[in-house]
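**Q** Structure in structure tokens, see below.
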Amino acid sequence: MYMGFMKMGVGLMAIFFACLMIPGLFRLSDVTIGAAALVWFYGFFHARNMAACDSAEFESITDHYIWEEFNRGKAIHLPEGTARKWLSACLILLGAGILWNNFADLADRMIPDYLWETLAPIVHNIPEVVLSVFLIILGIYLIRGKKEELDAIEA
């Protein structure tokens, strides 16, 4: 898989399929379909660049997850507990989105039309709001971690 690099191939496929799966759950199709196309093209160009390497350079390439290339040469090493915690949070969020969509379909059938017209926009936007809050918290966490790292370097 992926020229013998399993981690790179699995990482690219996971990111690509996540980009295709998220739109149906959170109604973000424009952004995520564009992201899936970007990942797809990145895979082509990355594979082409790897195929263009001479044999010595190709043998020096280590199999690592594709997102580790974007960390300025430093591999992202997550302790097993941390990786498991983040994976658990993502799976819970994904399951909650699926469950909420089913709940919204059921509510659409059970609530009278005159009341549903008022409630529908609220009910359908809750998964997007939850995902947005999650992404904002994740962004703040990442920025805070980077700031602490920069402060430690300056000190």
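**Q** Can you tell me how many residues in region 109-138 are exposed (fewer than 11 other Cβ atoms within 10 Å of the Cβ) and either modelled with pLDDT of 80 or more or not in a helix (DSSP H, G or I) (or both)? If you could, list the steps in order and put the result at the bottom.
**A** First pass over region 109-138, keeping only residues exposed (fewer than 11 other Cβ atoms within 10 Å of the Cβ): 109-110, 112-115, 117-118, 121-122, 133, 135-137.
Filter again for either modelled with pLDDT of 80 or more or not in a helix (DSSP H, G or I) (or both), leaving 109-110, 112-115, 117-118, 121-122, 133, 136-137.
Of the residues in region 109-138, 13 are exposed (fewer than 11 other Cβ atoms within 10 Å of the Cβ) and either modelled with pLDDT of 80 or more or not in a helix (DSSP H, G or I) (or both).
**Q** Regarding region 44-58, can at least one residue be identified that is surrounded by 10 or more Cβ atoms within 10 Å (Cβ to Cβ), part of a loop (DSSP other than H, G, I, E, B) and modelled with pLDDT of 65 or more?
**A** Looking through region 44-58, at least one residue is surrounded by 10 or more Cβ atoms within 10 Å (Cβ to Cβ), part of a loop (DSSP other than H, G, I, E, B) and modelled with pLDDT of 65 or more.
**Q** Do any residues in region 18-37 that are surrounded by 14 or more Cβ atoms within 10 Å (Cβ to Cβ) and outside any helix (DSSP H, G or I) have Cβ atoms under 7 Å from those of residues that are modelled with pLDDT under 75 and not hydroxyl-bearing (Ser, Thr, Tyr), where the two are at least six apart or on different chains, and which pairs are they?
**A** Hits for this filter: LEU28/ILE22.
The values are calculated or read from the model by the stated rules, or taken from the named source; none is laboratory data. In this text, all values refer to a predicted model and were calculated from it rather than measured experimentally. Neighbour counts run over all protein chains shown; Cβ positions are idealised from the backbone, glycine included.
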